[in-house]
Structures are given as C-alpha cells and as structure tokens.
Amino acid sequence: MKKILKIASILAIIAGIVLIVGGVWGVKFTYKNVAQEKIVTTPDSSLPNRLVSGPMTLKAQADVIREHTLKTTGGKTYAEMPREIQKVDEKGNALFNSKGEPLMGPNTARDLWVTATTLTTALNLGIITYAFSGLIILFGLVSIMTGYVFSALSKKY
C-alpha cells in the first residue's frame with residue numbers, strides 16, 4: 001500500500017505540474033494572439049477605449065459588435081431577415097419588372113450579420129480559452145494537493 005501511495009503521489013504531482021504549465025501556456029498564448037490584433041473597444045462599449053486582450057475586454061467587444069449590428073439591421077437577426085429584398089432606385093422608389101412584379105436583390109444586411117457572427121465567435125472563443133485554461137490550472141493545483149495527501153498517507157502506512 002505504501003509503495004502504491006508513493007507512486008500515485010509522484011504521478012499526481014507530475015500531472016499537476018504539467019496541467020499548470022499547460023494552463024499558463026494557454027493564457028499566454030491567448031493573450032498574445034488577441035493582443036497582437038490591436039483591437040480597441042469602442043467608446044460606447046462597457047469597457048471603453050481599452051486594448052482587447054483579456055476575457056472582460058473580449059466580452060465587451062463582442063457585446064458591442066452585436067449591439068451595433070442589431071442597430072444597423074433594425075433589431076433583426078440574420079434568421080429574421082429575408083434572403084432577398086425589393087430593389088430600389090437612387091431616390092428610394094421600388095423597382096418593378098415589365099410584368100409589374102417587384103425586382104428582387106440580395107439582402108446585404110445579412111452579409112453584415114455573417115461578418116459580425118464571425119467576429120463575435122472569434123472573441124467568444126478567446127473567452128472560452130481563458131476559462132478553459134483557468135480550469136486546467138485549477139485541476140493542476142488539485143492534482144498537486146492530491147499528490148501531497150498521497151505522499152503524507154504513504155508515510156503513515
């Protein structure tokens with residue numbers, strides 16, 4: 001029993017160290033890759049005029065992108081907008097074909113949603129990466145503590 005506890009303690013401590021190193025690497029990797037984009041939050045975000053690098057600024061930027069997109073599309077999401085809309089001339093008058101049917105064209109406001117969704121998804125993945133790295137560090141600390149407990153128990157038996 002003593003030998004098993006000693007081996008388990010060593011393995012748990014090694015695993016804990018590996019987890020902590022991996023978690024710290026994840027935080028540094030995410031920070032570096034987000035910060036190198038030099039994104040600054042907009043003045044109307046919840047954290048105005050700040051470099052986007054950590055989870056809070058990532059969330060602030062993702063939220064403000066969604067807010068701006070909703071304002072631009074009249075409060076409609078991608079799924080709520082029609083694929084095509086009626087074409088208009090330069091004065092804003094509806095255009096019709098020779099049969100009196102409306103001329104239809106692509107709804108370019110949907111393209112805005114595609115771009116906004118891509119950007120917010122990337123920002124949200126950064127948030128998830130920070131959270132996941134934090135959990136990995138926590139699991140590493142728990143593993144080291146477990147190894148310490150196993151080591152202490154091995155000395156009693």
Exercise. Which FRET efficiency value, to the nearest 0.05, is calculated for T108 and I128 with the Förster distance at 22 angstrom and r the Cβ-Cβ distance?
Worked result: 0.10
Exercise. Label-point separation (nm) for I7 and D44, each offset 7 Å from Cα along Cα-to-Cβ?
Worked result: 6.4
Exercise. How do R66, R83 rank when sorted from fewest to most other Cβ atoms within 10 Å of their own Cβ?
Worked result: R83, R66
For this session: Let me have the relative contact order for the chain, percent, based on Cα pairs under 8 Å that are six or more residues apart.
Result: 44
Exercise. For segment 52-95 and segment 21-46, what is the separation of their Cα centres, given in Å?
Worked result: 25
Problem set entry | Relative exposure of V27, V52, judged by other C-beta atoms within 10 Å (fewest first) | V27, V52
Seminar exercise, completed: Lys and Arg at +1, Asp and Glu at -1: neighbours of K2 with Cβ under 15 Å from its Cβ sum to +4
For this session: Principal axes first, then extents: for the Cα atoms of the chain, list largest minus smallest coordinate on each axis, whole Å, largest first.
Result: 94, 35, 22
For this session: Treat the count of other C-beta atoms within 10 Å as a stand-in for reagent exposure and order M1, M81 from fewest to most.
Result: M1, M81
Seminar exercise, completed: Plugging the Cβ-Cβ distance of T118 and A15 into 1/(1 + (r/R0)^6) at R0 = 30 Å yields, to the nearest 0.05, a FRET efficiency of 0.25
Seminar exercise, completed: Calc'd 3J(HN,Hα), segment 94-110, phi into Karplus 6.51 cos²θ - 1.76 cosθ + 1.60 (θ = phi - 60°), Hz, glycine/Pro = x, comes to 5, 9, 10, 7, 5, 8, x, 8, x, 7, 10, x, x, 7, 5, 5, 5
For this session: Determine, from the Cβ-Cβ distance of E67 and Q36 and an R0 of 30 Å, the FRET efficiency 1/(1 + (r/R0)^6), rounded to the nearest 0.05.
Result: 0.75
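No lab work stands behind these numbers, since they all come straight from the coordinates. Fair warning: this is a prediction, and the values are worked out from it, not measured in the lab. All Cβ positions, even for glycine, are placed from backbone atoms using ideal geometry, and neighbour counts span all protein chains on display.
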